[in-house]
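Everything on this sheet refers to the single structure shown next.
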Amino acid sequence: MLVIWWLWPLLAVCASDSFQLKAQEIMKITPVIDGHNDLPWQLLKLFNNKLNDSKANLTTLMETHTNIPKLKAGFVGGQFWSAYLPCDTQNKDAVRRILEQVDVIHRMCQLYPETFLCVTDSSGIRQAFSEGKVASLIGVEGGHLIDSSLGVLRTLYHLGMRYLTITHNCNTPWADNWKVDTGDDEAESQGLSVFGKRVLKEMNRLGVMIDLSHVSVATMKAALKTSKAPVIFSHSSAYTLCSSRRNVPDDVLQLVNETRSLVMVNFYSNFVSCSKDATLSQVADHLDYIKKVAGPGAVGLGGDYDGVTALPKGLEDVSKYPDLIAELLRRNWTDTEVRGVLAENLLRVFSDVEKASNNMEVPEEEPIPLDELDGSCRTHYGYSQAPSVHLQIGALLASLTPLLFSLHLL
């Protein structure tokens, strides 16, 4: 009996090693496609996007969750890099700043061609897999960054954007963000405005994935109803397991199932356990739960590395993905389900979005109404209803006429 007790720890270690080895074998063929990584934001904050600074070398950079050795250790084969600027750029220099963040992603591919391959479609991701490179795609995080312009939306598409997160932590003039559900912001569009629906229609036409992380529940439901293609949540988890309004509630998970959409689970501790402390096992709980409610085809990974301040124990950086996959195998996920969460579910959604696109269709051209825009520094070119300078002066004189008469100046 004593011999048997001594064997238990050895058997446990052997079993653990077998799951780890199997995870790695699967990931050699089907590497991770992660839905959201904020390394470009860190490059801006730390180095002002000066990639040739010796301290910014992505092979030796240690201050971040992400570098090239960690990506390789984590079997990361596809990454949606987040092109992001905070909400305080709204109605200011948002478009200029987002162009700079798109540029830094392209320069990452140019500076490290042996590691990164910038691609814009699902076939490009598979090409990167075959070459042993990280397929690098652009996700623009926050609808405020298109400045309510369909022309800017199209331009970002031409520059490589393949998903747009409809809001960040603020409303746009055409969509409501998640803070509406906490009471911190007022609902302005009741989900999506008329123009907001035009934005989504144009995204469908172009083949840009609609990302619903950060939006209100009303916006989630409106977008799932409006879109003719599946949508994604690039970095969100399950609301039932952690009642943060950044997570996805069960009734929306049902809609995700019905529309063949995708929830890519966020690793931020506050969205995993609703506290600053979380574990790898709790992240696996979210994956289990979404698989149960929305189906195995609805689950993906969106770690939010380099965009968060607290990560679960066991998932401290991008090298740790094999440990999470080993945990799913330990929980009796099938090889097919594991390949789905790693990459195949995202590739299926991306392919469906591409199939639904139609560049021969007439583009959306009706601009947002001028009175729905904020910002005092805007010009009004092209808005026929906008008063010209002469009309404004005329209106001013008309309003002053009674005063001038009373002063006997007319």
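Give me the distance between the Cα centres of the range 68-130 and the range 223-256, rounded to whole Å.
24
Quick one: how many Å² of Cys274 are accessible to a 1.4 Å probe, rounded to 10?
So the heavy atoms of Cys274 present about 70 Å² to solvent.
Express in whole angstrom the spacing between the alpha-carbon centres of the range 167-218 and the range 278-338.
Centre-to-centre distance over Cα atoms comes out at 27 Å.
Once the other residues with Cβ under 12 Å from the Cβ of Ala356 are scored (Lys, Arg +1; Asp, Glu -1), what is the net sum?
Computed value for this residue: +2.
Which order do peptides 104-114, 171-181, 217-227 fall in by mean Cβ count within 10 Å, highest first?
Order by mean packing, descending: 171-181, 217-227, 104-114.
Net charge near His380: determine it from the other residues with C-beta under 15 Å of the C-beta of His380, scoring Lys and Arg +1 and Asp and Glu -1.
So the surrounding residues net to -3.
Rounded to the nearest 20 Debye, what is the dipole magnitude of the range 20-356 about its Cα centre when Lys and Arg each give +1 and Asp and Glu each give -1 at the C-beta?
Details: 36 positive and 39 negative charges, 128 e Å.
For the range 20-356, the charge dipole is close to 620 debye.
Helix 321-330 versus the longest principal axis of the chain: what is the Cα-based angle in degrees, 0 to 90, to the nearest 10?
Value to nearest ten degrees: 60.
In the chain, with Lys and Arg counted as +1 and Asp and Glu as -1 at Cβ, which of these residues, Tyr381, Phe47, Ser18, has the Cα nearest the positive end of the dipole, that is, farthest along it?
Checking the options against the dipole of the chain, the answer is Ser18.
If I fit a long axis through the Cα atoms of helix 122-131 and take the longest principal axis of the Cα atoms of the chain, what angle between them do I get, 0 to 90°, rounded to 10?
40
Considering only protein heavy atoms and a probe of 1.4 Å, how much of the accessible area of the chain is carbon and sulfur, as a whole percent?
With neighbouring chains kept in place, the figure for the chain is 56 percent.
Skip the ligands, DNA and RNA, and give the accessible area per residue of the chain with a 1.4 Å probe, whole Å².
On a per-residue basis, the chain sits at 45 Å².
Please determine, in degrees from 0 to 90 and to the nearest 10, the orientation of helix 217-226 with respect to the longest principal axis defined by the Cα atoms of the chain, where the helix direction is its Cα long axis.
Around 90 degrees separate the two axes.
With point charges of +1 on the Cβ of Lys and Arg and -1 on the Cβ of Asp and Glu, referenced to the Cα centre of the chain, which listed residue (Trp174, Ile368, Leu156) lies farthest in the positive direction of the dipole?
Leu156
With contacts defined as alpha carbon pairs under 8 Å and 6 or more residues apart, what's the relative contact order of the chain in percent?
Working: 769 pairs, mean separation 72.6, N = 410.
Result for the chain is 18 percent.
Net charge around Lys179, counting only other residues with Cβ within less than 12 Å of its Cβ (Lys, Arg = +1; Asp, Glu = -1)?
Within the 12 Å Cβ shell, the charges total -4.
Need one value: the accessible area of Glu361 in square angstrom, 1.4 angstrom probe, rounded to the nearest 10.
Its heavy atoms expose roughly 60 Å² to the probe.
For the chain, what is the calculated [θ] at 222 nm in deg cm²/dmol (nearest 500), taking -39500 (n - 2.57) for each run of four or more DSSP H residues and dividing by its residue count?
-13500 deg cm²/dmol
Cα-Cα over 26 Å: which of Lys22/Lys55; Lys55/Lys133; Lys221/Lys291; Lys22/Lys291; Lys72/Lys355; Lys50/Lys70?
Those over the limit are Lys22/Lys55; Lys72/Lys355.
Express in Å², to the nearest 10, the accessible area of Lys50 obtained by rolling a 1.4 Å probe over the protein heavy atoms while all chains stay in place.
Estimated to the nearest 10 Å², Lys50 gives 120 Å².
Could you please put His65, His286 in sequence from largest to smallest accessible area, using a 1.4 Å probe?
I get His65, His286, largest accessible area first.
The values are calculated or read from the model by the stated rules, or taken from the named source; none is laboratory data. All of these numbers come straight from a predicted model, not from anything done at the bench. As a convention, Cβ positions derive from the backbone with ideal geometry for all residues, glycine included, and neighbour counts pool all protein chains shown. The protein model used for the area step is the full one, side chains on, heavy atoms only, and it has no ligands, DNA or RNA in it. Shrake-Rupley method; radii C 1.70, N 1.55, O 1.52, S 1.80 Å.
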